[in-house]
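Pasting a structure below so you can have a look.
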Amino acid sequence: MVAEKFTIAIEDSDEAFTCSSDRNVLKAMEQLGRKGIPVGCRGGGCGVCRVQVVGDGRYRTGKMSREQVPVDDERQGICLACKLFPEADLRLKVLGRWQKHFITGMNPEAA
Amino acid sequence: MSFTGVMRPGHAAIRVLDMDESVTYYTERMGLMKTDEDDQGRVYLKAWDELDCFSIVLREADSPGIDYTGYKTFSRADMDELVGKLEDYGIDIEWIAEGELNNCGERARFQTPSGHSFELYSEKKQIGDGLGRTNPNPWPEGLKGMQVYRFDHVLLYGPNIIETTKIFTDVLGFDLTERVLTPEGEMNVTFVSCSNKAHDLAFVEYPEPNKLHHVSFMLMTWEEVLRAADLMSMHDISIDIGPTRHGITRGRTIYFFDPSGNRNEVFCGDYTWYPDREPITWTAEELGRAIFYHDRRLNENFLTVVT
């Protein structure tokens, strides 16, 4: 079976890229050299690539850390891009890194 | 013999999202050996150069991270003495019965102000390295993947690391080997040793408690680190950074992630620690070079990606 290809658009940016149904969205973005979603562990664990699917685009997800994606969040279309597989064109709102903590006494600008 | 008290990091209990995928990763890719499985579904693994029957315990859960890290004492008497010192220091001990982990003796568990759980234990069944203790060969044939020699240390993120570090240095007899000072002169990164390794445990000050930065495994040579990196690309393992060098500990390293997003490290070549050395101090403005000696800058992943 040939995997279908879909367009992934990042809200509040001009960024859009193609992702096939058998590939996770984060990997598709990275392999095309595109940006927009922060990249962390790529294993569904750290929550850095948290996104919200906006609208009614269909998708499926792999197993993700429940700590990073509680059930209520998941019902609202929140998921981790590294475990997100499109089944339609998707619009994503990036929630990721700026919700994360940094080392105390350090910030990314200073680092 | 001068080496008593806490000898080494003896086990790390890691949560994984998918057990089958994780066992394949830790055995075929990392090169650990599966030695046991218990009725709770936990899987026990060891590296080839370790004699005790396990050093890594995997537990399937809905969020990754670390359950606890166990340190082995030289003797039961040493363990009891150290437990007494912990209690005198005001730390509550939870006793975990012998056999709760297969083939492991009684464990004394305690919490640190960083939110992490640690254990002391003195007994674990030795099954050896397959080479024997008489006229052994230098390494066994048939090793897989990165062929790591041993579980070496963990780096943990959490609050109150000054207080937490003091438990290890002032109560359990560890030495502070390296530290980073903030511009205000407070320690926000600490490395401690219970042996003559440059680190047996490390902490980074972080607002969220009980976080895992990485579980580290030792290799012997830079060539082995490079070969490990090759295997990561062959098998599409998520690489964080490296191969590169740390300023802290001088280790030659690569950071990468297990299938659940827990960071792992393989490294070689830190220095020999002796207790008559002064700790090494890194200043905040040199933190980039301290962590990644070649890049000389911290990346956001080092600062934020934890499980």
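The values are calculated or read from the model by the stated rules, or taken from the named source; none is laboratory data. Given the structure is predicted, the values throughout are model-derived calculations rather than measurements. Reconstructed Cβ throughout: ideal geometry from the backbone, glycine too, with neighbour counts over all protein chains shown. For accessibility, only protein heavy atoms count, side chains too; no ligands or nucleic acids. Shrake-Rupley method; radii C 1.70, N 1.55, O 1.52, S 1.80 Å.
Show me you know the interface measure: the accessible area buried between A and B, both chains summed, probe 1.4 Å, in Å² to the nearest 100. Walk me through the numbers on the way to the answer.
Details: alone 6900 and 13630 Å², together 18100 Å².
Counting protein atoms only, the buried area is about 2400 Å².
Among DSSP beta bridges whose residues both lie in region B:152-304, state the antiparallel percentage, nearest 5. Don't jump to the answer; show the numbers that get you there.
Working: 25 of 37 bridges.
Of those bridges, close to 70 percent are antiparallel.
Per residue of B:55-65, count partner chain C-beta atoms within 10 Å of its C-beta, then hand back the mean as an integer. All intermediate terms of the calculation are to be shown ahead of the outcome.
Values: counts 0, 0, 0, 0, 0, 1, 3, 6, 9, 10, 4.
Mean shielding by partner chains, rounded to a whole number: 3.
Can I ask one more? Could you work out what % of the accessible surface of the protein assembly as shown is carbon and sulfur, using a 1.4 angstrom probe and leaving DNA, RNA and ligands out of the count? If you can, show how the numbers build up before the last one.
Values: 8100 of 18100 Å².
It is 45 percent, rounded to a whole number.
As a test of the formula, what do you get for chain B when each DSSP H run with n ≥ 4 contributes -39,500 (n - 2.57) and the sum is divided by the residue count, at 222 nm and rounded to the nearest 500 deg cm²/dmol?
Values: 6 runs with 48 residues, N = 307.
Mean residue ellipticity, 222 nm, calculated: -4000 deg cm²/dmol.
In Å and on Cα atoms, what radius of gyration and Dmax does region B:119-218 show?
In order Rg, Dmax, the Cα atoms of region B:119-218 give 17.3, 55 Å.
Okay, next question. Can you order the peptides A:23-32, B:271-280 by their average number of other Cβ atoms within 10 Å per residue, highest first?
Working: A:23-32: 19.0, B:271-280: 12.4.
Result, highest mean Cβ count within 10 Å first: A:23-32, B:271-280.
What accessible area per residue comes out for region B:152-304, rounded to a whole number of Å², with a 1.4 Å probe?
Working: 5650 Å² over 153 residues.
Normalised by residue count, the accessible surface of region B:152-304 is 37 Å².
Which lysines, if any, have their Cα less than 20 Å from the Cα of B:K85, not counting same-chain residues under 8 positions apart?
B:K72, B:K166
Then there is this: Could you please report the charge total around A:A9, scoring K, R as +1 and D, E as -1 over all other residues with beta-carbon less than 12 angstrom from its beta-carbon?
My count for the surroundings of A:A9 gives -2.
Quick one: dipole size for the protein assembly as shown, taken about the Cα centre, charges +1 on Lys/Arg Cβ and -1 on Asp/Glu Cβ, in debye to the nearest 20.
On the way: 47 positive and 67 negative charges, 205 e Å.
The calculation lands at about 980 debye.
With the solvent-accessible surface defined on protein heavy atoms using a 1.4 Å probe, which residues belonging to region B:281-307 display a reduction of at least 50 Å² in accessible area in the multichain context relative to the isolated chain?
Residues losing area: B:E300, B:L303, B:T304.
Related question: Hey, got the average number of other protein chain Cβ atoms within 10 angstrom for residues in B:261-268? Intermediate results must be reported in sequence, preceding the final value.
On the way: counts 15, 4, 5, 0, 0, 0, 0, 0.
That average works out to 3.
Expressed in nm², what is the orientationally averaged projection area of the convex hull enclosing the Cα positions of region B:158-307? If you can, show how the numbers build up before the last one.
Numbers: hull surface 35.4 nm².
Result: a mean projected hull area of 8.9 nm².
Follow-up question, since we're still on this one. Taking the Cβ of B:W95 as the centre, find all other residues whose Cβ is under 11 Å away and add up their charges (Lys, Arg: +1; Asp, Glu: -1).
-4
Among B:L45, B:L212, B:L17, whose mean-square fluctuation peaks in a Gaussian network model of chain B (Cα, cutoff 10 Å)?
B:L17
Turning to a different aspect of this structure: So, how do all the Cα-to-Cα distances of the protein assembly as shown break down into 10 Å bins, in percent, from 0 on up?
Binned Cα distances yield the sequence 5, 21, 31, 26, 12, 4, 1.
How long are the semi-axes of the equivalent ellipsoid of chain A, defined as square roots of 5 times the Cα gyration tensor eigenvalues? Whole Å, largest first.
On the way: eigenvalues 110, 51, 32 Å².
Largest first, chain A gives 23, 16, 13 Å.
Hey, another quick one. Going out from 0 in 20 Å bins, what whole percent of all Cα-Cα distances in chain B drops into each bin?
Taking all Cα pairs of chain B, the binned fractions are 34, 61, 5 percent.
Using θ = phi - 60° and the Karplus form 6.51 cos²θ - 1.76 cosθ + 1.60, what ³J(HN,Hα) does each residue of region A:55-65 get, whole Hz, x for Gly and Pro?
x, 10, x, 7, 6, 10, 10, x, 5, 10, 4
What is the P(r) of region B:6-121, as percent of Cα-Cα pairs per 10 Å bin from 0?
Each 10 Å bin holds this share of Cα pairs: 13, 44, 31, 11, 1.
What residue among B:G173, B:G142, B:G70 shows peak mean-square fluctuation when chain B is described by a Gaussian network model with Cα springs under 10 Å?
B:G142
Between A:V71, A:V51, A:V94, where does the largest GNM mean-square fluctuation fall for chain A, given springs only between Cα atoms within less than 10 Å?
Result for chain A, Cα springs under 10 Å: A:V71 fluctuates most.
Any chance you could count the Lys pairs in region A:5-97 whose alpha carbons are under 19 Å apart, treating pairs 8 or more apart or on different chains as valid?
11
Ignoring ligands, DNA and RNA, what accessible area per residue does region B:6-121 give at 1.4 Å, in Å²?
Working: 4250 Å² over 116 residues.
That works out to 37 Å² for each residue.
Could you check the simple spin-label distance between B:R250 and B:E141, using points 7 Å along Cα→Cβ, in nm with one decimal?
Distance between label points: 3.6 nm.
So which residues in region A:20-47 end up with at least 20 square angstrom less accessible surface once the other protein chains are there, compared with the chain by itself, probe 1.4 angstrom?
A:K27, A:G40, A:C41, A:R42, A:G43, A:G45, A:C46
Hey, how much of the P(r) for region B:40-101 falls beyond 17 Å, as a percent of Cα pairs? Intermediate results must be reported in sequence, preceding the final value.
Working: 1075 of 1891 pairs.
Here the tail beyond 17 Å accounts for 57 percent of pairs.
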